[in-house]
Amino acid sequence: MSHKLLIIGSMAFDKIETPFQKSDIIMGGAANYTALSAAQFGVPTAVVSVIGGDYPTSFLRLLTQRHIDISGIEIDPQDKTFYWSARYHEDMNLRDTLDTQLNVLAHFKPVVPAAFTDAQVLMLGNLHPQIQIDVLAQMTHLPFVVLDTMNYWITHTYELLEEVISKVDMITINEQEARQLTDEYSLVKAAKRILAMGTKYVVIKKGEHGALLFHEDSAFFAPALPLSEVCDPTGAGDVFAGGIVGYLTKTNDFSFENIKNAVIHGSNLASFCIESLGAERMLSLTPEDINSRLYQFRDLTQFDIKLC
(Lines give C-alpha, C1' and ligand atoms only; values in the text may rest on other atoms or scores of the structure.)
Protein backbone atom coordinates (compact mmCIF):
# COMPACT_ATOMS: atom_id res chain seq x y z
CA MET A 1 0.00 0.00 0.00
CA SER A 2 1.35 3.41 -0.99
CA HIS A 3 1.40 6.76 0.79
CA LYS A 4 -1.17 8.23 -1.56
CA LEU A 5 -4.56 9.84 -1.14
CA LEU A 6 -7.53 9.13 -3.41
CA ILE A 7 -10.54 11.46 -3.34
CA ILE A 8 -13.91 10.57 -4.87
CA GLY A 9 -16.48 13.34 -5.11
CA SER A 10 -18.35 15.93 -7.11
CA MET A 11 -16.88 18.76 -9.16
CA ALA A 12 -19.37 21.52 -9.72
CA PHE A 13 -20.37 25.01 -10.66
CA ASP A 14 -21.67 26.89 -7.66
CA LYS A 15 -23.58 30.14 -7.44
CA ILE A 16 -23.75 31.49 -3.90
CA GLU A 17 -25.62 34.32 -2.23
CA THR A 18 -24.94 35.38 1.36
CA PRO A 19 -26.30 38.35 3.35
CA PHE A 20 -23.11 40.19 2.38
CA GLN A 21 -22.38 39.36 -1.25
CA LYS A 22 -23.18 37.25 -4.29
CA SER A 23 -20.98 35.19 -6.53
CA ASP A 24 -21.09 34.55 -10.22
CA ILE A 25 -20.63 30.92 -11.25
CA ILE A 26 -17.54 29.67 -9.40
CA MET A 27 -15.64 26.42 -8.89
CA GLY A 28 -17.39 24.16 -6.39
CA GLY A 29 -17.98 20.54 -5.48
CA ALA A 30 -16.75 18.38 -2.62
CA ALA A 31 -13.82 16.91 -4.57
CA ASN A 32 -12.38 20.35 -5.33
CA TYR A 33 -12.63 21.60 -1.73
CA THR A 34 -11.27 18.35 -0.29
CA ALA A 35 -8.35 18.16 -2.72
CA LEU A 36 -7.33 21.80 -2.27
CA SER A 37 -7.34 21.27 1.47
CA ALA A 38 -5.38 18.01 1.37
CA ALA A 39 -2.86 19.61 -1.01
CA GLN A 40 -1.58 21.69 1.92
CA PHE A 41 0.17 18.53 3.18
CA GLY A 42 2.09 17.81 -0.03
CA VAL A 43 0.98 14.19 -0.36
CA PRO A 44 0.42 12.46 -3.74
CA THR A 45 -3.28 12.96 -4.37
CA ALA A 46 -5.70 12.00 -7.14
CA VAL A 47 -9.30 13.05 -7.76
CA VAL A 48 -11.93 10.83 -9.35
CA SER A 49 -14.95 12.77 -10.59
CA VAL A 50 -16.88 13.78 -13.70
CA ILE A 51 -17.34 17.12 -15.47
CA GLY A 52 -19.09 18.34 -18.58
CA GLY A 53 -17.71 19.91 -21.72
CA ASP A 54 -18.47 23.32 -20.23
CA TYR A 55 -15.94 22.98 -17.41
CA PRO A 56 -13.04 25.42 -17.91
CA THR A 57 -9.50 24.12 -18.15
CA SER A 58 -8.45 26.97 -15.86
CA PHE A 59 -10.29 25.24 -12.99
CA LEU A 60 -8.45 22.00 -13.71
CA ARG A 61 -5.14 23.86 -13.73
CA LEU A 62 -5.83 25.01 -10.18
CA LEU A 63 -5.58 21.33 -9.23
CA THR A 64 -2.60 20.37 -11.38
CA GLN A 65 -0.65 23.40 -10.18
CA ARG A 66 -0.91 21.85 -6.72
CA HIS A 67 0.32 18.47 -8.01
CA ILE A 68 -3.13 16.86 -7.84
CA ASP A 69 -3.56 14.00 -10.32
CA ILE A 70 -6.62 14.61 -12.53
CA SER A 71 -6.34 11.49 -14.70
CA GLY A 72 -9.40 10.05 -12.93
CA ILE A 73 -11.63 12.99 -13.90
CA GLU A 74 -13.97 11.96 -16.71
CA ILE A 75 -15.00 14.64 -19.21
CA ASP A 76 -18.34 14.23 -20.98
CA PRO A 77 -18.28 16.79 -23.81
CA GLN A 78 -21.96 16.21 -24.60
CA ASP A 79 -23.27 17.08 -21.14
CA LYS A 80 -23.06 19.84 -18.56
CA THR A 81 -21.25 19.99 -15.23
CA PHE A 82 -23.13 19.51 -11.96
CA TYR A 83 -24.63 22.85 -10.86
CA TRP A 84 -25.74 24.05 -7.41
CA SER A 85 -27.08 27.40 -6.27
CA ALA A 86 -27.96 28.49 -2.73
CA ARG A 87 -28.86 31.49 -0.59
CA TYR A 88 -27.68 31.74 3.03
CA HIS A 89 -29.72 33.31 5.81
CA GLU A 90 -28.47 35.90 8.32
CA ASP A 91 -27.76 32.84 10.47
CA MET A 92 -25.42 31.19 8.02
CA ASN A 93 -25.96 27.79 9.57
CA LEU A 94 -29.17 27.96 7.53
CA ARG A 95 -29.47 28.10 3.76
CA ASP A 96 -31.97 27.53 0.97
CA THR A 97 -30.97 25.51 -2.07
CA LEU A 98 -32.26 27.46 -5.07
CA ASP A 99 -31.30 25.06 -7.85
CA THR A 100 -29.63 21.67 -8.27
CA GLN A 101 -28.82 20.24 -11.69
CA LEU A 102 -27.15 16.81 -11.57
CA ASN A 103 -26.23 16.81 -15.27
CA VAL A 104 -23.16 14.55 -15.73
CA LEU A 105 -23.34 13.39 -12.13
CA ALA A 106 -26.62 11.56 -12.87
CA HIS A 107 -24.75 8.81 -14.76
CA PHE A 108 -21.34 8.93 -13.07
CA LYS A 109 -19.46 5.60 -13.05
CA PRO A 110 -16.08 6.23 -11.41
CA VAL A 111 -12.91 4.55 -12.61
CA VAL A 112 -9.95 4.63 -10.21
CA PRO A 113 -6.61 5.38 -11.92
CA ALA A 114 -4.34 2.33 -11.85
CA ALA A 115 -1.63 4.31 -10.05
CA PHE A 116 -4.00 4.95 -7.12
CA THR A 117 -5.73 1.59 -6.64
CA ASP A 118 -3.23 0.98 -3.83
CA ALA A 119 -3.76 4.36 -2.15
CA GLN A 120 -3.14 4.49 1.58
CA VAL A 121 -6.15 6.70 2.33
CA LEU A 122 -9.46 6.88 0.46
CA MET A 123 -11.94 9.74 0.85
CA LEU A 124 -15.42 8.73 -0.27
CA GLY A 125 -17.15 12.04 -0.86
CA ASN A 126 -20.86 12.69 -0.60
CA LEU A 127 -22.25 10.59 -3.46
CA HIS A 128 -24.72 7.74 -3.93
CA PRO A 129 -23.71 4.81 -1.67
CA GLN A 130 -23.61 2.46 -4.67
CA ILE A 131 -20.92 4.64 -6.25
CA GLN A 132 -18.96 4.47 -2.99
CA ILE A 133 -19.25 0.67 -2.96
CA ASP A 134 -18.11 0.49 -6.60
CA VAL A 135 -14.99 2.50 -5.75
CA LEU A 136 -14.15 0.26 -2.78
CA ALA A 137 -14.32 -2.76 -5.10
CA GLN A 138 -11.65 -1.22 -7.35
CA MET A 139 -9.02 -0.89 -4.62
CA THR A 140 -6.27 -3.52 -4.73
CA HIS A 141 -5.57 -3.05 -1.01
CA LEU A 142 -8.01 -1.94 1.65
CA PRO A 143 -6.99 1.61 2.58
CA PHE A 144 -8.01 3.72 5.55
CA VAL A 145 -11.42 4.86 4.33
CA VAL A 146 -13.21 8.07 5.31
CA LEU A 147 -16.87 8.46 4.33
CA ASP A 148 -19.01 11.55 3.93
CA THR A 149 -22.76 11.44 3.34
CA MET A 150 -25.87 13.59 3.66
CA ASN A 151 -29.53 13.54 4.67
CA TYR A 152 -30.73 12.70 1.13
CA TRP A 153 -28.90 9.34 1.12
CA ILE A 154 -30.03 8.63 4.69
CA THR A 155 -33.66 9.12 3.60
CA HIS A 156 -33.58 7.33 0.25
CA THR A 157 -30.80 4.68 0.49
CA TYR A 158 -30.61 3.84 4.20
CA GLU A 159 -29.81 0.12 3.90
CA LEU A 160 -27.17 0.66 1.24
CA LEU A 161 -25.62 3.45 3.31
CA GLU A 162 -25.48 1.12 6.32
CA GLU A 163 -23.54 -1.33 4.16
CA VAL A 164 -21.02 1.36 3.24
CA ILE A 165 -20.63 2.44 6.87
CA SER A 166 -19.79 -1.15 7.82
CA LYS A 167 -16.91 -1.11 5.31
CA VAL A 168 -15.22 2.20 6.26
CA ASP A 169 -12.92 3.30 9.07
CA MET A 170 -14.40 6.76 9.68
CA ILE A 171 -17.54 8.69 8.90
CA THR A 172 -17.87 12.48 8.99
CA ILE A 173 -21.43 13.66 9.44
CA ASN A 174 -23.15 16.78 10.78
CA GLU A 175 -25.25 16.72 13.93
CA GLN A 176 -28.62 16.80 12.14
CA GLU A 177 -27.59 13.89 9.92
CA ALA A 178 -26.28 11.91 12.90
CA ARG A 179 -29.65 12.28 14.60
CA GLN A 180 -31.53 11.34 11.43
CA LEU A 181 -29.33 8.30 10.81
CA THR A 182 -29.76 6.91 14.33
CA ASP A 183 -33.05 8.37 15.57
CA GLU A 184 -31.14 9.52 18.65
CA TYR A 185 -31.13 13.16 19.80
CA SER A 186 -28.12 12.76 22.11
CA LEU A 187 -24.99 12.95 19.96
CA VAL A 188 -23.18 10.59 22.33
CA LYS A 189 -25.90 7.96 21.84
CA ALA A 190 -25.97 8.67 18.09
CA ALA A 191 -22.23 8.13 17.85
CA LYS A 192 -22.48 4.82 19.70
CA ARG A 193 -25.21 3.68 17.31
CA ILE A 194 -23.06 4.59 14.30
CA LEU A 195 -20.00 2.85 15.77
CA ALA A 196 -22.16 -0.25 16.19
CA MET A 197 -22.75 -0.21 12.43
CA GLY A 198 -19.09 -1.20 11.99
CA THR A 199 -17.01 1.94 11.54
CA LYS A 200 -14.14 2.70 13.94
CA TYR A 201 -14.32 6.49 14.18
CA VAL A 202 -17.24 8.89 14.07
CA VAL A 203 -16.74 12.62 13.55
CA ILE A 204 -19.82 14.76 14.14
CA LYS A 205 -19.53 18.25 12.70
CA LYS A 206 -21.18 21.06 14.64
CA GLY A 207 -20.35 24.01 12.38
CA GLU A 208 -19.31 27.09 14.34
CA HIS A 209 -19.41 24.96 17.51
CA GLY A 210 -16.59 22.64 16.42
CA ALA A 211 -16.54 18.87 15.99
CA LEU A 212 -16.77 15.74 18.13
CA LEU A 213 -14.64 12.63 17.56
CA PHE A 214 -15.74 9.26 18.95
CA HIS A 215 -13.84 5.95 19.08
CA GLU A 216 -14.86 2.97 21.22
CA ASP A 217 -15.44 4.48 24.69
CA SER A 218 -13.35 7.61 24.06
CA ALA A 219 -14.37 11.06 22.84
CA PHE A 220 -12.57 14.25 21.85
CA PHE A 221 -13.84 17.75 21.17
CA ALA A 222 -12.21 20.07 18.62
CA PRO A 223 -13.37 23.69 18.83
CA ALA A 224 -14.03 25.96 15.90
CA LEU A 225 -11.83 29.03 15.99
CA PRO A 226 -13.90 32.13 16.88
CA LEU A 227 -13.77 34.51 13.92
CA SER A 228 -15.00 38.09 13.74
CA GLU A 229 -16.41 37.62 10.23
CA VAL A 230 -17.81 34.70 8.27
CA CYS A 231 -18.09 35.29 4.53
CA ASP A 232 -19.30 31.95 3.14
CA PRO A 233 -19.50 28.51 4.85
CA THR A 234 -19.82 26.64 1.54
CA GLY A 235 -17.31 23.80 1.34
CA ALA A 236 -16.09 24.15 4.93
CA GLY A 237 -17.11 20.58 5.77
CA ASP A 238 -15.23 19.26 2.73
CA VAL A 239 -12.16 21.32 3.60
CA PHE A 240 -12.40 19.92 7.13
CA ALA A 241 -12.41 16.37 5.71
CA GLY A 242 -9.54 17.24 3.37
CA GLY A 243 -7.46 18.37 6.32
CA ILE A 244 -8.14 15.09 8.10
CA VAL A 245 -7.27 12.81 5.18
CA GLY A 246 -4.29 14.92 4.08
CA TYR A 247 -2.77 14.84 7.55
CA LEU A 248 -3.42 11.11 7.99
CA THR A 249 -1.84 10.32 4.63
CA LYS A 250 1.24 12.36 5.52
CA THR A 251 1.69 10.91 9.01
CA ASN A 252 0.65 7.30 8.23
CA ASP A 253 -0.66 6.99 11.79
CA PHE A 254 -4.28 5.97 12.29
CA SER A 255 -4.34 5.82 16.08
CA PHE A 256 -6.97 7.68 18.08
CA GLU A 257 -4.32 10.07 19.41
CA ASN A 258 -3.15 11.01 15.93
CA ILE A 259 -6.69 11.31 14.58
CA LYS A 260 -7.23 13.95 17.28
CA ASN A 261 -4.43 15.91 15.60
CA ALA A 262 -6.00 15.32 12.19
CA VAL A 263 -9.33 16.75 13.38
CA ILE A 264 -7.57 19.87 14.65
CA HIS A 265 -5.80 20.28 11.30
CA GLY A 266 -9.15 19.88 9.54
CA SER A 267 -10.76 22.50 11.80
CA ASN A 268 -7.83 24.83 11.20
CA LEU A 269 -8.15 24.67 7.41
CA ALA A 270 -11.94 24.98 7.55
CA SER A 271 -11.54 28.25 9.45
CA PHE A 272 -9.79 29.72 6.40
CA CYS A 273 -12.38 28.42 3.93
CA ILE A 274 -15.21 30.48 5.45
CA GLU A 275 -13.26 33.74 5.10
CA SER A 276 -14.05 34.18 1.40
CA LEU A 277 -16.53 33.16 -1.28
CA GLY A 278 -16.11 29.63 -2.54
CA ALA A 279 -12.59 28.25 -2.62
CA GLU A 280 -10.81 31.60 -2.98
CA ARG A 281 -9.04 31.46 0.38
CA MET A 282 -7.88 27.88 -0.14
CA LEU A 283 -6.06 29.03 -3.28
CA SER A 284 -4.08 31.73 -1.50
CA LEU A 285 -3.08 29.93 1.71
CA THR A 286 0.58 29.83 2.74
CA PRO A 287 2.31 27.49 5.22
CA GLU A 288 2.87 30.54 7.42
CA ASP A 289 -0.88 31.24 7.49
CA ILE A 290 -1.65 27.66 8.46
CA ASN A 291 0.98 27.37 11.18
CA SER A 292 0.12 30.72 12.71
CA ARG A 293 -3.51 29.72 13.09
CA LEU A 294 -2.57 26.32 14.50
CA TYR A 295 -0.90 28.18 17.35
CA GLN A 296 -4.18 30.02 17.90
CA PHE A 297 -5.96 26.66 18.17
CA ARG A 298 -3.37 25.51 20.68
CA ASP A 299 -3.81 28.63 22.79
CA LEU A 300 -7.59 28.27 22.59
CA THR A 301 -7.60 24.77 24.07
CA GLN A 302 -4.58 24.41 26.35
CA PHE A 303 -4.62 25.43 29.97
CA ASP A 304 -3.13 24.49 33.34
CA ILE A 305 -5.79 23.27 35.71
CA LYS A 306 -5.49 23.93 39.44
CA LEU A 307 -7.37 21.62 41.77
CA CYS A 308 -8.91 23.03 44.92
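The values are calculated or read from the model by the stated rules, or taken from the named source; none is laboratory data. Given the structure is predicted, the values throughout are model-derived calculations rather than measurements. Cβ: placed from backbone, ideal geometry, glycine included. Neighbour counts: every protein chain shown. SASA here: full protein model, heavy atoms, side chains in, ligands and nucleic acids out. Shrake-Rupley method; radii C 1.70, N 1.55, O 1.52, S 1.80 Å.
Cβ separations smaller than 6 Å between residues 6+ apart or across chains give the following pairs from segment 248-267 residues that are open to solvent by less than 40 Å² (accessible area, probe 1.4 Å) and among the β-branched types (Val, Ile, Thr) to residues that are modelled with pLDDT under 95 and not in a helix (DSSP H, G or I): Val263/Ala222; Ile264/Ala222. Residue count for segment 75-114 satisfying the condition of being assigned to a strand (DSSP E or B) and over 28 Å from Glu177 (Cβ atoms): 2.
Residue by residue, here is whether (1) within 25 Å of Ser23 (Cα to Cα); (2) outside any loop (DSSP other than H, G, I, E, B); (3) modelled with pLDDT under 95 holds:
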position	(1), (2), (3)
Val245	no, yes, no
Thr249	no, yes, no
Asp253	no, no, no
Asn258	no, yes, no
Val263	no, yes, no
Leu269	yes, yes, no
Ser276	yes, no, yes
Arg281	yes, yes, yes
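Within segment 8-61, being free of Cβ contacts under 8 Å to residues at least 24 places away in the same chain and either hydroxyl-bearing (Ser, Thr, Tyr) or under 18 Å from Gly125 (Cα atoms) (or both) holds for Thr57, Ser58.
Residue count for segment 159-198, restricted to those that are open to solvent by less than 10 Å² (accessible area, probe 1.4 Å) and either in contact (Cβ under 8 Å) with a residue 24 or more places away in the chain or more than 25 Å from Met92 (Cα to Cα) (or both): 13. Condition first: within 21 Å of Leu269 (Cα to Cα) and not aliphatic (A, V, I, L, M). Now tell me which residues in segment 178-219 satisfy that. Within segment 178-219, Tyr201, Lys205, Lys206, Gly207, Glu208, His209, Gly210, Phe214 meet the criteria. Taken residue by residue, segment 276-287 has no member that is among the β-branched types (Val, Ile, Thr) and under 29 Å from Lys200 (Cα atoms). Which one of the conditions (1) surrounded by fewer than 24 Cβ atoms within 10 Å (Cβ to Cβ); (2) closer than 20 Å to Val230 by Cα does Ser37 fail to meet, given that it meets all the rest? Failing condition for Ser37: (1). Residues that are under 30 Å from Leu248 (Cβ atoms) and open to solvent by 70 Å² or more (accessible area, probe 1.4 Å) were ranked within segment 81-125; the one that is farthest from the chain's Cα centre (by Cα) is Ala114. Somewhere in segment 123-134, is a residue in contact (Cβ under 8 Å) with a residue 40 or more places away in the chain and over 27 Å from Asp54 (Cα atoms)? No - not one qualifying residue is present in segment 123-134.
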